[in-house]
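Here is the structure we will look at.
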Amino acid sequence: RSAKACKKPAVVSPSSLSFDPPLFPDFSPAVSDFVTRCDGSPLRITASSGAGNRIDIDGQGERTGTFSTEVPIQANQGFDLVRETPAGETSHHVRCLPAGFPAWTYEKFRTPSQAWYLVNAGNYNIFFDANGVPVWWFESADVARNLTYLSDGTVSWGNGDPGGDTRYEIRSLDGTLLNTLKTVGSETDIHDLELLPNGNYMMIASVHRPEPTDLTQFGGPGDATVMDAELQEITPEGELVWSWNSADHIGLEETGHWWQDYVLDFGESSGLYDVVHINSIEVSGDSVVLSMRHNDAIYKIDRDTGDIVWKLGGTHTAKSLTVTGDPFGANPLGGQHDARILGDGTLTTHDNGYEQDRPPRAVRYRIDEGAMTATMLESLTDPEVPEALCCGSARRSDDGSWVMAWGGLGSSEIHPVVEYDSEGRRNFRLAFTGEDFSYRATTVAPGVLSAAALRSAMDQRFPR
């Protein structure tokens, strides 16, 4: 190769760059990734730079002064723009959004704490960076839920609507389908999936009781079809190696006010009485922590015995924890989601506050199993989020920051994903502007996954 071919492009900061269609965000030398909405026409770029400054757009060669150029690019494709300032070389990356990509807004107030923020909107699975830019996405055939970057470097999400072809997909970042996972013997519940250290997956099944159940004492029929939750540990080949069924451990009386507030009406219209409605699972050592929406409760179960170790919230049982330090300790949870155990052993959850006459909140407790207590350590609310009838997540990082997907439904049309610093101040606010909202938001910490890996994966799927 010639010396010129091996030489890095010497490119200098232009005094201005304009794009048609425009970029998001507006071009800044401090930002690495941008997107634009392409219509199939070339992207038109006008650059104006001082004497001696150079810029290379899409490998077209170094140029200086004032010039215009076009980049032929289609939806999902990307290209590079390389500059060199007196301080050194910088690279920038532009990618075209497909026509169906959901509209969103992003406000940045402080420096975000995480590298990537993973959300779903409609059929789209999206990695946003700390500037609110989608750098990686995958459009599913069905509505997608619970996008997660797994510890083995793959990504997973649930697809399908209840009663249909529900399943989890495991894919490489380049989009290759590696596995389709379904529970054994019953419909797959796509509320959650966890990759276990042994390579198996913890999943949820929606199980119908084989015999009619008498629900007359709760206001229901005498021959109802009750739906319970079943945990299943599944091998990558789809074999069942362990299971646990809520019907064996959680009484119908623990559904409490949900009989009148949802379960009976849903049962009358659908024929199914959803008495627990599990929405998260967290394997913690030899135990599993479960969030049961229609019990207003979080349960810890022993995997060896199947017994309930403790219960937080909901109707009182012999396993109930005494709640301290919480102003709402008598009824600490209302239709909660996303119960997680942190590295220090504390428990976090997104308390929706449903039917509790309070707004949703993030909350963290210290559990003392010897004393059977749950002590509230912190909580967080947002005045812009007065209610969240369903959905949502709460993820606390080691630096004390929180990433909240505030859920959806209700009179409010605002269902944002927001990061707060350790003092409760907003770092950013991301919201979809249509009917879409993200059921859950997960994160990837700095240093785990590079932007270059995500760009390369997109380029493999959408080569030019």
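The values are calculated or read from the model by the stated rules, or taken from the named source; none is laboratory data. Since the structure is predicted, the reported quantities are computational estimates derived from the model, not experimental observations. So basically every Cβ, Gly included, is an ideal-geometry build from the backbone, and we count neighbours across all protein chains shown. Please note that ligands, DNA and RNA were not included when accessible areas were found on the heavy atoms of the full protein model with its side chains. Shrake-Rupley method; radii C 1.70, N 1.55, O 1.52, S 1.80 Å.
With every protein chain left in place, what is the accessible area of Ser140 in Å² (1.4 Å probe, nearest 10)?
Approximately 10 Å² of Ser140 is accessible to the 1.4 Å probe.
Modelling each spin label as a point 7 Å along the Cα-to-Cβ direction, I'd like the Ala318/Thr213 distance in nm, to one decimal.
Between Ala318 and Thr213, the label points sit 2.1 nm apart.
Could you tally the net charge around Pro359, taking each other residue with its Cβ under 13 Å from the Cβ of Pro359, Lys/Arg +1 and Asp/Glu -1? Working shown, then result.
Values: positive: Arg358, Arg361; negative: Asp351, Glu355, Asp357, Asp382, Glu384, Glu387.
Its environment carries a net charge of -4.
Within the P(r) computed for region 310-464, what percentage of the Cα pairs occupies the region above 23 Å?
Numbers: 5139 of 11935 pairs.
It works out to 43 percent of all Cα pairs.
In debye to the nearest 20, how big a dipole does region 145-229 give about its Cα centre with +1 on each Lys and Arg Cβ and -1 on each Asp and Glu Cβ? Walk me through the intermediate numbers first.
Values: 5 positive and 13 negative charges, 43 e Å.
The calculation lands at about 200 debye.
Going by accessible area, probe 1.4 Å, with all protein chains left in place, what is the ranking of Leu252, Leu240, Leu312, largest first? Mind dumping the intermediate values first?
Values: Leu252 30, Leu240 80, Leu312 0 Å².
From most accessible down to least: Leu240, Leu252, Leu312.
Working out 0.36 nm times the residue gap between Thr433 and Asp165, then minus their Cα-Cα distance, what length gain in nm do you get to one decimal? Write out the running numbers ahead of the final one.
Details: separation 268, 0.36 × 268 = 96.48 nm, distance 2.85 nm.
Between Thr433 and Asp165, full extension yields 93.6 nm more.
Determine the relative contact order of the chain: mean sequence separation of Cα pairs under 8 Å and six or more apart, normalised by residue count, in whole percent. Could you put the intermediate results ahead of the total?
Values: 1166 pairs, mean separation 55.1, N = 464.
Across the chain, relative contact order equals 12 percent.
Run lengths n ≥ 4 of DSSP H only: what is the helix-derived mean residue ellipticity at 222 nm for the chain, with -39500 (n - 2.57) per run over all residues, to the nearest 500?
Details: 3 runs with 22 residues, N = 464.
Value at 222 nm, helices only: -1000 deg cm²/dmol.
Taking a virtual spin label 7 Å from the Cα of Gln460 along the C-beta vector, which residues in region 59-85 bring their backbone nitrogen under 17 Å of it?
77-78
Count the net charge of all other residues whose Cβ sits under 13 Å from the Cβ of Thr148, scoring Lys and Arg as +1 and Asp and Glu as -1. Show your work: numbers first, answer last.
Working: positive: Arg145, Arg171, Arg340, Arg395, Arg440; negative: Asp152, Glu169, Asp192, Glu194, Glu282, Asp338.
So the environment of Thr148 carries a net charge of -1.
May I have the count of lysine pairs in the chain with C-alpha atoms under 26 Å apart, counting pairs 8 or more residues apart or located on different chains?
Working: Lys182/Lys300; Lys300/Lys311; Lys300/Lys319; Lys311/Lys319.
Within the chain, the lysine pair count is 4.
For Asp165, what accessible area in Å² do you get when you roll a 1.4 Å probe over the heavy atoms of the protein chains, rounding to the nearest 10?
90 Å²
Loop only by DSSP, 13 or fewer other Cβ within 10 Å of the Cβ. Give me the trypsin sites (Lys or Arg not before Pro) in region 37-100 that pass, ordered by residue number. Kindly include the intermediate steps, with their values, before the conclusion.
Values: sites: Arg37, Arg44, Arg54, Arg63, Arg83, Arg95; in loops: Arg54.
Loop-located and lightly packed - none at all.
What is the gain in length, in nm to one decimal, between Asn198 and Thr105 on full extension, counting 0.36 nm per residue of separation less the C-alpha to C-alpha distance?
Details: separation 93, 0.36 × 93 = 33.48 nm, distance 4.00 nm.
That works out to 29.5 nm of additional length.
Taking K and R as +1 and D and E as -1, what net charge do the other residues with C-beta under 9 Å from the C-beta of His93 add up to? Show your work: numbers first, answer last.
Values: positive: Arg95, Arg455; negative: Asp33, Asp80.
With Lys, Arg at +1 and Asp, Glu at -1, the net is 0.
Rounded, prolate or oblate: which one fits region 373-464, using the alpha carbon gyration tensor with axes a ≥ b ≥ c (rounded when a/c is under 1.5, else prolate when a/b beats b/c, else oblate)?
Numbers: a/c = 2.54, a/b = 1.41, b/c = 1.79.
It comes out oblate by the Cα gyration axes.
Note down the magnitude of the dipole of the chain about its Cα centre, charges +1 on Lys and Arg C-beta and -1 on Asp and Glu C-beta and zero elsewhere, to the nearest 20 debye. Can you show the working numbers first?
On the way: 36 positive and 66 negative charges, 511 e Å.
The calculated dipole for the chain is roughly 2460 debye.
Against the 2.2 N^0.38 Å scaling, with N counting residues, where does region 11-161 land? I'd like the Cα-based Rg ratio to two decimal places. List each step's numbers first, then the result.
Working: Rg = 17.2 Å, N = 151, 2.2 N^0.38 = 14.8 Å.
Its radius of gyration relative to the 2.2 N^0.38 Å reference: 1.16.
Given the whole protein assembly as supplied and a 1.4 Å probe, what does the accessible area of His316 come to in Å², nearest 10?
It works out to around 150 Å².
Please report the antiparallel percentage of DSSP beta bridges with both residues in the chain, rounded to the nearest 5. All intermediate terms of the calculation are to be shown ahead of the outcome.
On the way: 120 of 131 bridges.
Counting DSSP beta bridges with both partners in the chain, the antiparallel share is about 90 percent.
With the Cα gyration tensor of region 109-210 giving a ≥ b ≥ c as the square roots of its eigenvalues, does the rule (a/c under 1.5 for rounded; else a/b larger than b/c for prolate; else oblate) give rounded, prolate or oblate? Each step should come with its number before you reach the end.
Numbers: a/c = 2.07, a/b = 1.76, b/c = 1.18.
Here region 109-210 falls in the prolate category.
Note down the nm distance, to one decimal, between modelled labels 7 Å out along Cα→Cβ at Phe67 and at Ser18.
Placing both labels 7 Å along Cα→Cβ, they lie 1.9 nm apart.
How would region 313-380 be classified by its alpha-carbon gyration tensor: rounded, prolate or oblate, with rounded meaning a/c under 1.5 and the a/b versus b/c comparison settling the rest? The partial results should precede the final answer.
Working: a/c = 1.71, a/b = 1.20, b/c = 1.43.
It comes out oblate by the Cα gyration axes.
Could you tell me which GluC sites (Glu not before Pro) in region 144-237 are loop residues by DSSP with no more than 14 other beta carbons within 10 angstrom of their beta carbon? Could the numbers behind the result be given before it?
On the way: sites: Glu169, Glu187, Glu194, Glu230, Glu233, Glu237; in loops: Glu237.
When the GluC sites (Glu not before Pro) of region 144-237 are filtered for loop state and at most 14 Cβ neighbours within 10 Å, Glu237 remain.
Compute the helix-to-body angle for 451-461: its Cα long axis versus the longest principal axis of the chain, expressed 0 to 90° and rounded to tens.
Tilt relative to the chain: about 90 degrees.
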